[in-house]
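Please treat every number below as a calculation from the coordinates, not as lab data. Owing to the predicted nature of the structure, the values given are computational and were not obtained by experimental measurement. In this analysis, Cβ positions are derived from the backbone assuming ideal geometry, glycine residues included, and neighbour counts consider all displayed protein chains.
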Amino acid sequence: MLELGGETLVLTMDTMAQGTHFRADADLADVAWKLVAANLSDLAAKGAEPLGVLLGYQLGDYDTRFAQGLRDVLDTYHVPLLGGDTVRAEGPCQFSLTAIGRATHTPVPDRRNARPGDNLWVTGVLGRAMLGFEGVGEHSAAFNRPCPRLAEGKALAPHTCAMMDISDGLLLDSWRMAVASETTIELESAAIPIAYEARRDACLRWGDDYELLFTLPANSCSPVTATRIGKVSSRGKAPLLLDGSWLTGPDDLGYRH
């Protein structure tokens, strides 16, 4: 974040690489959409309004499709492309994007501000991106063209202290919030909304959902459609407690790269 002329600017950057973030046969229009959407989701987690993006782009024979997807997502969210750089290089393609936003409320929500006594909430349904990746047609858009929760982030910013987006799996991102806040997060798995009950555990770990994870005081209702999935307590044996069992390390909780 950057204080500038009475405004708080929020800056974020993501890189997507072939083989790590998308398959070699992926439609580059979808890759462009997801690159922008992932950055806008970071802004949403700060309750920020997008001002524009800067693109680092590797030229190739996919330029037309990438440009189409880029145009689609920027038009959908009314975000201007402010500039960037292009390069011709050998090897698997990769792209970087920096998004710039304006905080709509101060103090700006931060994952470090979860407080004992708060309840933990999540927007949406988890696991849809996983199913889309695996070819379940009705969920394909959730993986290829996720929708950042910009409106929800702005609505939540005046009410929540701690907020982040879920990109690497609910369990891992809950762990990160708890560690950053020096608290323990207690999750109730049965309360967590998921897309496929038979694979509940996978839905909690897979990631790429780009939903918002946030806290509210115990007696508060969410100003947006969301589900209460647990609570924050004082730091205990470990940062994360799932259905009464301590999770003692982050290694198998979600996607790490």
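Here are a few things to note about the model shown:
- Coarse-grained scattering of the chain at q = 0.07, 0.15 Å⁻¹, given as base-10 log I(q)/I(0) from a Debye sum over alpha-carbon atoms: -0.24, -1.07
- Think of each Lys and Arg Cβ as +1 and each Asp and Glu Cβ as -1; about the Cα centre, that makes the dipole of the stretch 111-247 roughly 380 debye.
- Model label zone, Thr106; criterion: amide N under 18 Å from point 7 Å along Cα-to-beta-carbon; scope the stretch 165-209: none
- The ranking of Phe133, Phe214, Phe143 by Cβ neighbour count inside 10 Å, starting from the fewest, reads Phe133, Phe143, Phe214.
- Sum of -39500 (n - 2.57) over DSSP H runs of 4+, divided by residues of the chain (222 nm, nearest 500): -7500 deg cm²/dmol
- Karplus-derived 3J(HN,Hα), 6.51/-1.76/1.60, for each residue of the stretch 10-19, Hz, glycine and proline x: 10, 10, 9, 9, 9, 10, 10, 10, 4, x
- For the peptides 188-197, 218-227, the ranking by packing is 188-197, 218-227, with the highest mean count of neighbouring Cβ atoms within 10 Å listed first.
- The chain: angle of helix 28-44 to the longest principal axis, Cα-based, in degrees nearest 10: 40 degrees
- Taking a sphere under 13 Å around the Cβ of Arg88 and counting the other residues whose Cβ falls inside, with K and R at +1 and D and E at -1, yields a net charge of -4.
- Whole-percent pair-distance distribution, where bins are 5 Å wide, for the alpha carbons of the stretch 2-103: 3, 13, 24, 25, 17, 10, 5, 3, 1, 0
- Here Lys231 is the anchor, and the lysines within straight C-alpha reach of less than 25 Å, apart from those fewer than 8 places off in the same chain, are Lys46, Lys154.
- Model label zone, Ala218; criterion: amide N under 17 Å from point 7 Å along Cα-to-beta-carbon; scope the stretch 225-239: 228-236
- Paramagnetic label zone (point 7 Å from Cα along Cα-to-C-beta, Arg23; backbone N under 11 Å) in the stretch 132-149: 133-136
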